[in-house]
């Protein structure tokens, strides 16, 4: 019993002593009366004492405060400069002992073969001569794993190791195990009855791994891409009238050999709906309701399309806003009739609550200046809040190409009738080093190298230097563009160029051109753009011998051209590459004679129309262009400003195969007028998306004529030429391929024809 009592006494004494010791180290016995007379910093070598003290929340002469000590401890750790920090009090002296984080001497990678050091370095935040911290290393490891995941190596591992050196330095080594390439062995769908697995595979972005997909990154497993695929499926079904559609699950399973994934989407299609009654319920005065009804995209008895509902809301918002109603609330009232399989939609339009923009907060832009982001907003602080303008701002920011993610959220402000707009962006690389290669049956092999920065110094400016080499053309260009010149929606820039074009085969001469250009452009409307370009260049017709046409010989030598070109261009296409719907048009006029030795006026008109036939993948397009050039004096029109047809412009004929010609030498000399046109049907051949080769049938027609050269043996007529042919196009993983076979069935004896054209190009 006595032994047990003694043990309890000893334990109590030890606890008291321990508590007393801790109290002595962390806080003076009497906090209220003890004043700090001195602050000492121990262990610092690289970091100045004053720097350490500047982060403290307690100062010399203050009373000892445990809360301030804790805040100081957190403040020092948050700097990332220290691996360890310890506070100790001796009487009235506060002692701070720090252990500095080391400095990174070098960063290297081991084990990486598929991704180069340059790629991996660009992904991490740490750099040599930067303070080493475990948190930053962990974040960089996540970034490295993410880039391997995006490249299809989901099993990759990265192990960071820090090798200690003298003077508190470390060599940081990332040991990489890349692992196998996790492809997609198969993509399956469960629950689809209306559309086949093959059709749905064409809808989603993820591809199955195939032999012809070897250069694509979409045939590797990426969970983020799978999530995007679910959204693509939802959009597709909603656009086809399946309003009840949902994705139940999307499961990725590793194969038994642990090399590939099998993706299985489980879906519920539901029933297909049509638009029922579609109308507008207007609660605003002095607005013509019939005008609003004409803006409705989805009509009665047409297949229901949720996208058309959004398009209608956008059109109504813009139209009513233009009438002076900034505060408008448009809500679609959707009533589903499951028995009749129709959806009635009523657009309730009322005056919304008056809300103003109090503040626009921009976050996440480390490089891009705030003003570059703000200028894409038509809204500013104090303006009336407008949802349509906010959506447009988000789209415009995405179109810049500076950000991988743009999120815009508006939240109620503390102040009534005000809202705060939060803009969160995630920047991506805007620097480009591009190498291209191609081959054309008309121009031969082609190659180009370019370096470009699309967001120079974070100001949104575009700077590009390019070099192109080919058998018939070599050029070097330096261009700069300021998209908001003088802080207005006015793009301005300049070009410096030097070009050499070999036209020996067509016209027995070589053209050398050197000069510069000043340009500006602005939008007159959402789809209408006006541009002005001033160009001053020296044009030299060289390499001309006595066997060339007399027309060519008469123009041999140098000619300085000073010209201004005006162009109007409107674009109503649904997309710029391989459009399926819409139209476009342009008109440009070039006037030379403001200085220089060349005086002429050159006009060119162009337009085209695209449409999908019978709601299928068959696309019909019709395009045409025409031009005219003449001089202001008795001089002849310069050779390079005349018009020739052939090659791409008139298939079935050789380059410059149509137009005025010297019958003795065979040289094309070009005409003062021309017209050309194309009617074409493009259709899929039913091959998988990865080998989506499209076929086409076409007819081209046109003519070039008109000369003022005082020489004999020249032939010139305006008789129409025409050809008929078939073509094949493939947006292959290594670049677009195009094959055209055409027969010229309307031609003149002196025209030069070509049955086969082949074009290929790629960038890497």
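In this structure, is residue 349 under 27 Å from residue 231 (Cα atoms), in contact with a strand residue (DSSP E or B) (Cβ under 7 Å, 6 or more places away or on another chain) and in contact (Cβ under 8 Å) with a residue 24 or more places away in the chain?
Working: under 27 Å from residue 231 (Cα atoms): no; in contact with a strand residue (DSSP E or B) (Cβ under 7 Å, 6 or more places away or on another chain): yes; in contact (Cβ under 8 Å) with a residue 24 or more places away in the chain: yes.
So residue 349 fails the test.
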Count of residues meeting criterion [touching a strand residue (DSSP E or B) at 6+ places or on another chain (Cβ under 9 Å) and exposed (fewer than 15 other Cβ atoms within 10 Å of the Cβ)] in segment 288-309: 6
Can you tell me which residue within segment 448-473, out of those that are crowded, with 16+ Cβ neighbours inside 10 Å and over 19 Å from the mean Cα position of the chain (by Cα), is farthest from residue 739 (Cα to Cα)? 466
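Sort through 703, 723 and tell me the only one that's in the same structural domain as residue 577 (by TED's automatic domain parsing), surrounded by 15 or more Cβ atoms within 10 Å (Cβ to Cβ) and free of Cβ contacts under 8 Å to residues at least 60 places away in the same chain.
Within the list 703, 723, the selection yields 703.
Of the residues in segment 258-285, how many are without any contact (Cβ under 8 Å) to a residue 60 or more places away in the chain and surrounded by fewer than 15 Cβ atoms within 10 Å (Cβ to Cβ)? Spell out how you get there, then give the answer.
Of all residues in segment 258-285, those without any contact (Cβ under 8 Å) to a residue 60 or more places away in the chain come to 270, 285.
Retained after the next criterion (residues that are surrounded by fewer than 15 Cβ atoms within 10 Å (Cβ to Cβ)): 285.
So the answer is 1.
I need the full set of residues from segment 484-527 which are part of a loop (DSSP other than H, G, I, E, B) and in contact with a helix residue (DSSP H, G or I) (Cβ under 9 Å, 6 or more places away or on another chain), in order please. Break it down into steps so the answer makes sense when it comes.
Residues of segment 484-527 part of a loop (DSSP other than H, G, I, E, B): 484, 488-490, 503, 508-509, 524-527.
484, 503, 508, 509, listed by residue number.
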Tell me whether segment 726-733 contains one or more residues that are surrounded by 17 or more Cβ atoms within 10 Å (Cβ to Cβ) and modelled with pLDDT under 85. yes
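Sort out which residues of segment 160-187 are closer than 30 Å to residue 249 by Cα and either buried (at least 17 other Cβ atoms within 10 Å of the Cβ) or free of Cβ contacts under 8 Å to residues at least 12 places away in the same chain (or both), and write them in order of number.
178, 181, 182, 183, 184, 185, 187
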Considering every residue within segment 524-534, establish whether at least one is under 24 Å from residue 636 (Cα atoms) and surrounded by fewer than 16 Cβ atoms within 10 Å (Cβ to Cβ). yes
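Residues that are out of contact with any helix residue (DSSP H, G or I) (no Cβ under 7 Å at 6 or more places or on another chain) and at pLDDT 85 or above: list the helices (runs of 4 or more DSSP H) wholly contained in segment 1-99 that include at least 1 such residues.
So the answer is 49-54, 66-78.
Does residue 655 fit the bill of being modelled with pLDDT under 95 and either out of contact with any strand residue (DSSP E or B) (no Cβ under 9 Å at 6 or more places or on another chain) or surrounded by fewer than 18 Cβ atoms within 10 Å (Cβ to Cβ) (or both)? Walk me through it before giving the result.
Numbers: modelled with pLDDT under 95: yes; either out of contact with any strand residue (DSSP E or B) (no Cβ under 9 Å at 6 or more places or on another chain) or surrounded by fewer than 18 Cβ atoms within 10 Å (Cβ to Cβ) (or both): no.
For residue 655, the condition - modelled with pLDDT under 95 and either out of contact with any strand residue (DSSP E or B) (no Cβ under 9 Å at 6 or more places or on another chain) or surrounded by fewer than 18 Cβ atoms within 10 Å (Cβ to Cβ) (or both) - is not met.
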Checked segment 140-171 for anything in contact with a helix residue (DSSP H, G or I) (Cβ under 7 Å, 6 or more places away or on another chain) and more than 27 Å from residue 225 (Cβ to Cβ); matches are 160
Suppose we filter segment 318-334 for residues that are touching a strand residue (DSSP E or B) at 6+ places or on another chain (Cβ under 6 Å) and either at pLDDT 80 or above or loosely packed, with under 15 Cβ neighbours inside 10 Å (or both); how many remain? 7
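Does segment 635-660 hold any residues that are part of a strand (DSSP E or B) and farther than 21 Å from residue 602 by Cα, and which are they? Let's see the steps before the verdict.
Residues of segment 635-660 that are part of a strand (DSSP E or B), as a first pass: 643, 645, 653, 658.
Within segment 635-660, 653 is the sole residue that qualifies.
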Being more than 24 Å from the chain's Cα centre (by Cα) and either closer than 25 Å to residue 78 by Cα or in a helix (DSSP H, G or I) (or both) narrows 142, 113 down to just 142
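Against the definition (in contact (Cβ under 8 Å) with a residue 12 or more places away in the chain, under 24 Å from residue 628 (Cβ atoms) and under 26 Å from the mean Cα position of the chain (by Cα)), how does residue 519 come out, yes or no?
Numbers: in contact (Cβ under 8 Å) with a residue 12 or more places away in the chain: yes; under 24 Å from residue 628 (Cβ atoms): yes; under 26 Å from the mean Cα position of the chain (by Cα): yes.
Spelling it out, residue 519 is indeed in contact (Cβ under 8 Å) with a residue 12 or more places away in the chain, under 24 Å from residue 628 (Cβ atoms) and under 26 Å from the mean Cα position of the chain (by Cα).
Take the conditions over 10 Å from residue 704 (Cβ atoms) and surrounded by 18 or more Cβ atoms within 10 Å (Cβ to Cβ) and apply them to residue 667. Does it pass?
Yes.
Just name the residue that is surrounded by the fewest Cβ atoms within 10 Å (Cβ to Cβ) out of those in segment 359-398 that are touching a helix residue (DSSP H, G or I) at 6+ places or on another chain (Cβ under 6 Å) and farther than 13 Å from residue 423 by Cβ.
Filtering segment 359-398 down to residues touching a helix residue (DSSP H, G or I) at 6+ places or on another chain (Cβ under 6 Å) leaves 362, 376-379, 388.
Next, from what is left, pick out any that are farther than 13 Å from residue 423 by Cβ: 378, 388.
Working: 378: 14, 388: 18.
Filtering first and then ranking leaves 378.
Residue by residue, here is whether (1) in contact with a helix residue (DSSP H, G or I) (Cβ under 9 Å, 6 or more places away or on another chain); (2) more than 28 Å from residue 637 (Cα to Cα) holds:
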| site | (1), (2) |
| --- | --- |
| 578 | no, yes |
| 593 | no, no |
| 600 | yes, no |
| 604 | no, no |
| 608 | no, yes |
| 613 | no, yes |
| 617 | no, yes |
Here is a list: 558, 547, 617. Which entry is assigned to a loop (DSSP other than H, G, I, E, B), in the same structural domain as residue 672 (by TED's automatic domain parsing) and over 30 Å from residue 392 (Cα atoms)? 547
Does at least one position in segment 456-463 carry a residue that is over 28 Å from residue 648 (Cα atoms), out of contact with any strand residue (DSSP E or B) (no Cβ under 7 Å at 6 or more places or on another chain) and assigned to a strand (DSSP E or B)? no
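For every residue, the table says whether it meets (1) outside the structural domain of residue 559 (by TED's automatic domain parsing); (2) modelled with pLDDT of 95 or more.
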residue	(1), (2)
448	yes, no
451	yes, no
455	yes, no
459	yes, no
464	yes, no
473	yes, no
486	yes, no
496	yes, yes
509	no, no
Go through segment 233-257 and count every residue that is surrounded by 14 or more Cβ atoms within 10 Å (Cβ to Cβ) and either touching a helix residue (DSSP H, G or I) at 6+ places or on another chain (Cβ under 7 Å) or closer than 11 Å to residue 268 by Cα (or both). 14
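The values are calculated or read from the model by the stated rules, or taken from the named source; none is laboratory data. Since this is a predicted model, take the numbers as computed values, not measurements. Using ideal geometry, Cβ is built from the backbone for each residue, glycine included, and neighbour counts are taken over all protein chains shown.
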